[in-house]
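Single-structure report; data block below.
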């Protein structure tokens, strides 16, 4: 890595080196501020998904603008510091901004990627590519809620290819021009033209090949299987607005799948759909869909179930419509079907039964398609489903409901072997009746309150169950699903348990942390930072967590749960929330994780997070590199500090940081007059903090460190390198590369205390994710105990503290010094979760050496 | 016993009304929510509300006009402005026009709820 000064202006380096550092420090301060601002906005956007916030489209647009401006300023500052070394980063900001704006404008959008995705590879995160129906089926299967048919999705990207091939964009453009010219184009004619184009165009070869390969794969798994081909609309809005308007082909023979696909895609422009788009002010030709291809279940019985009675949810029953054969007869609603009501309580007995006289049923036709046939005389008035199968159906759909966190409408089928399949599940859109709301209000006024307004809501919702407290060493994997998880710390190791929990309450933690994000991902009601929840909520007791109101009640308040299942304001389905979720994907993921890795380039930045991470790293690197100059003979500004610890530190004095000394004599700590640097040195040199020699690496730690791209020989020798302190009387910017870690301390320290701040950043580190996660947990635990606000991920911890009195600030800086020495090799040592607590305790008690034995 | 305090929510974005109405009802308020400022103004003419929560930028009469109307007809009604970042200046103007507070969007539901509770329970201005 060539230093900036050596490359750019070698001739001026000696004259104004310290002045240049001063200027660059100013640039860096701007960059750090911008960086923090972007991080805060990203964290807030994530937090907003939890449902505690009220916002609209305009708020999202304003937020996007603010993010864009902040990211731009970071890039500007970086280029100012480095002499325009990263013009590509400007392009990256443009790119990210454009994709965020496209998202906000809700233009149909096909993520780049596969044209075909098998159902068992689909989760909710692929909803933009595979549509709502398939995303839900995929995630239900993934979370073991139910069995679903085999199948695959033909993605939105495939559809876009096809429509481009069919010349749809040109027609769309003509329509827009006509609109602008004030000519009233006829939606009927537009529909006819678009449909004709699609039907006349063969499916693009790359799509056709992928579809045929997927169909062959299904054929191998289930020879002779036929397929159901139907739309999987993009976006909840599309699913609701166009319900029943898109084509569906049932019982499709494998050789006919492409033709069925073409027909389904063409229905994107059916007359009704085009007219609807025109009337809704949308561009009628600007549309995409994903298509679901699922094997047909050779059903002996099928139907639809509602997990509550939509007209009176307080009855606590499931309603089942069922028939013999395929479910098309039930969905079509044109023949009499059996109707059952089952109790929502296990074992789900039948509470009412109406068996219809079923003269006809739908079966798969011998030559494809669906045929309606007569039901044999003696079977017409027999129930289409046994009570045992009904009970099984009830248990299954209630699992689906629990996972989806709202009342559901589920299409199901049972095959000749008695296997139960879920063919489709979607929220039952109802409004909680005033009566139900009243019941809930009365029930909550009677229920004993265990906690109220303690902590902060990270994810809204209501959940009830038996409390499982986690205060330390419990095995997180062994926690049963459906418990109310009450944890002392928001430890990342609880992630798997949280995803299956009825609710989450923590004593310590933030709404922007990892566990909160997991809770939001799985819509688990969550209250963080509640102080002493683990003391108040006893293990084994049944409680109801109302994370709408931030209250925990004793016992199960079933009225509240029922009302919650039917809330129309189940926020996570609102278009604004879906928009925010899509927007977050464009801004928040961090793809550039390893500054030493091959992907650490501006061109690889795909989110704002990537951009600021890149900029911050390069700014710090440039600053650290820039000071690696050989001090001019007799320089009064650049010094090598000698300490009794194995750490080389170059001190650049910006003024008042170092007391005058004799020329040629190395700087010793007693001559440091910079207040913050003195404090850090005192911490670093505390007896016992600095372990001598490298920590023993166990095999796992060693092997995982091998996969990192650092030069291992250097790392294992733990040779201190590139350590620079830029200091004035009251300011310090310290960058330390210690072994695997990169620490930055940026602080201001004055007697008045008003502007005092400490920023501590810890990054990097070999070893695999679990240990890095533990190390981050340990650091955050220690820093939090010392009043720092912390954030970050497994490989990055950022801690801040502001506006504290001088003496406190000095003590905190000493602590940071001790912490830097202490954690130098911790990730290698952190072999299991129990060590986190123990090491934090020994650090806080000043028993630094204990950790290394 | 006095009836429930009455709150009128006015915001042309349906999502805001959909979120606030049930949340505030759950906290024991009688809530009416409007996305149409004309309809809201008509309602404010016939019914006195304890608190008006209104956006500023809207089709038809905007938030400032609704504020003026309320202050003429029912000066004791507390007016809370909820607004996007872009209209903070207008929000200041609203404060001068008699609004008690403004909360920029996005905001936490609990923040608005706590404010309304304190307005309803606290001493009248």
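Could you please give the count of residues in the stretch B:13-36 that are in contact (Cβ under 8 Å) with a residue 40 or more places away in the chain and within 9 Å of chain A (Cβ to nearest Cβ)?
Initially, the stretch B:13-36 is screened for residues in contact (Cβ under 8 Å) with a residue 40 or more places away in the chain, giving B:13, B:16, B:19-20, B:23-24, B:27, B:29.
Next, only the ones that are within 9 Å of chain A (Cβ to nearest Cβ) stay: B:13, B:16, B:19-20, B:23, B:27.
The total comes to 6.
Among the listed residues A:369, A:378, A:418, identify the single one that is surrounded by fewer than 19 Cβ atoms within 10 Å (Cβ to Cβ) and touching a strand residue (DSSP E or B) at 6+ places or on another chain (Cβ under 7 Å).
On the way: A:378 fails: touching a strand residue (DSSP E or B) at 6+ places or on another chain (Cβ under 7 Å); A:418 fails: touching a strand residue (DSSP E or B) at 6+ places or on another chain (Cβ under 7 Å).
Just a single option satisfies the conditions, and that option is A:369.
Among (1) in contact (Cβ under 8 Å) with a residue 60 or more places away in the chain; (2) buried (at least 18 other Cβ atoms within 10 Å of the Cβ), which single condition is residue A:176 missing?
(2)
If you take the residues in the stretch B:75-88 that are free of Cβ contacts under 8 Å to residues at least 40 places away in the same chain and within 13 Å of the chain's Cα centre (by Cα), which one is farthest from the other protein chains (Cβ to nearest Cβ)? Talk me through it step by step, then tell me what you get.
To start, the set of residues in the stretch B:75-88 that are free of Cβ contacts under 8 Å to residues at least 40 places away in the same chain comprises B:75, B:77, B:79-81, B:83-88.
Narrowing further to those that are within 13 Å of the chain's Cα centre (by Cα): B:77, B:79-81, B:83.
On the way: B:77: 21, B:79: 17, B:80: 12, B:81: 13, B:83: 10 Å.
Residue satisfying both the conditions and the ranking: B:77.
Any idea how many residues of the stretch B:45-66 are more than 21 Å from residue B:122 (Cα to Cα) and surrounded by 23 or more Cβ atoms within 10 Å (Cβ to Cβ)?
We begin by selecting, within the stretch B:45-66, every residue more than 21 Å from residue B:122 (Cα to Cα); these are B:45-47, B:55-66.
If we keep only those that are surrounded by 23 or more Cβ atoms within 10 Å (Cβ to Cβ) too, we end up with B:55-56, B:63, B:66.
Looking only at that region, the number is 4.
Every residue in the stretch B:76-85 that is surrounded by 15 or more Cβ atoms within 10 Å (Cβ to Cβ) and farther than 14 Å from residue B:66 by Cβ, please. Break it down stepwise before answering.
Restricting attention to the stretch B:76-85, the residues satisfying the condition of being surrounded by 15 or more Cβ atoms within 10 Å (Cβ to Cβ) are B:77-85.
Result: B:84, B:85.
Looking only at the stretch B:89-110, filter to residues that are part of a helix (DSSP H, G or I) and within 9 Å of another protein chain (Cβ to nearest Cβ); which one of those is nearest to residue A:452 (Cα to Cα)? Spell out how you get there, then give the answer.
Residues of the stretch B:89-110 that are part of a helix (DSSP H, G or I), as a first pass: B:89-96, B:109-110.
So of that shortlist, the ones also within 9 Å of another protein chain (Cβ to nearest Cβ) come out as B:109-110.
On the way: B:109: 16, B:110: 13 Å.
Per the criteria, the residue is B:110.
Out of (1) touching a residue at least 24 places away in the same chain (Cβ under 8 Å); (2) crowded, with 18+ Cβ neighbours inside 10 Å; (3) within 14 Å of chain B (Cβ to nearest Cβ), the odd one out for residue A:575 is which?
(2)
Scanning the stretch A:518-543 for residues that are away from every other protein chain (no Cβ under 14 Å) and crowded, with 24+ Cβ neighbours inside 10 Å, which turns out farthest from residue A:402 (Cα to Cα)?
The extreme case among them is A:533.
Just name the residue that is nearest to the other protein chains (Cβ to nearest Cβ) out of those in the stretch B:1-11 that are crowded, with 18+ Cβ neighbours inside 10 Å and without any contact (Cβ under 8 Å) to a residue 60 or more places away in the chain. Walk me through it before giving the result.
Keep residues of the stretch B:1-11 that are crowded, with 18+ Cβ neighbours inside 10 Å, which gives B:5, B:7-11.
Pick out the ones that are also without any contact (Cβ under 8 Å) to a residue 60 or more places away in the chain and you get B:8-10.
Working: B:8: 16, B:9: 10, B:10: 13 Å.
Here the residue is B:9.
Being at pLDDT 75 or above and part of a loop (DSSP other than H, G, I, E, B) is the filter; apply it to the stretch A:805-847 and report the residue that is farthest from residue A:749 (Cα to Cα).
Checking each candidate, the answer is A:847.
Need the failing condition index for residue B:67 against (1) assigned to a helix (DSSP H, G or I); (2) within 14 Å of another protein chain (Cβ to nearest Cβ), just the number.
So the condition that residue B:67 fails would be (2).
Out of A:297, A:291, A:304, report the one residue that is under 28 Å from residue A:566 (Cα atoms) and modelled with pLDDT of 90 or more.
Values: A:297 fails: under 28 Å from residue A:566 (Cα atoms); A:291 fails: under 28 Å from residue A:566 (Cα atoms).
Only one candidate qualifies: A:304.
Across the stretch A:642-673, what is the total count of residues that are farther than 16 Å from residue A:820 by Cβ and in a loop (DSSP other than H, G, I, E, B)?
Within the stretch A:642-673, residues that are farther than 16 Å from residue A:820 by Cβ and in a loop (DSSP other than H, G, I, E, B) number 13.
Looking at (1) more than 14 Å from chain B (Cβ to nearest Cβ); (2) farther than 30 Å from residue A:212 by Cβ, find the lone condition where residue A:50 falls short.
That leaves (1) as the condition not met.
Which of the following residues is away from every other protein chain (no Cβ under 14 Å) and either at pLDDT 80 or above or crowded, with 21+ Cβ neighbours inside 10 Å (or both): A:555, A:596? Before the answer, list the steps.
Details: A:596 fails: either at pLDDT 80 or above or crowded, with 21+ Cβ neighbours inside 10 Å (or both).
Result: A:555 is the single residue among A:555, A:596 that is away from every other protein chain (no Cβ under 14 Å) and either at pLDDT 80 or above or crowded, with 21+ Cβ neighbours inside 10 Å (or both).
Hey, among the residues in the stretch B:45-64 that are more than 29 Å from residue A:52 (Cβ to Cβ) and in a helix (DSSP H, G or I), which one's farthest from the other protein chains (Cβ to nearest Cβ)? Let's see the steps before the verdict.
First, pick out the residues of the stretch B:45-64 that are more than 29 Å from residue A:52 (Cβ to Cβ): B:45-48, B:60-61.
Okay, now just the ones that are also in a helix (DSSP H, G or I), so B:45-46.
Values: B:45: 26, B:46: 22 Å.
Checked the stretch B:45-64; the qualifying residue farthest from the other protein chains (Cβ to nearest Cβ) is B:45.
The values are calculated or read from the model by the stated rules, or taken from the named source; none is laboratory data. Keep in mind that this is a model prediction, so the values were computed, not measured. All Cβ positions, glycine included, derive from the backbone under ideal geometry; neighbour counts span all protein chains shown.
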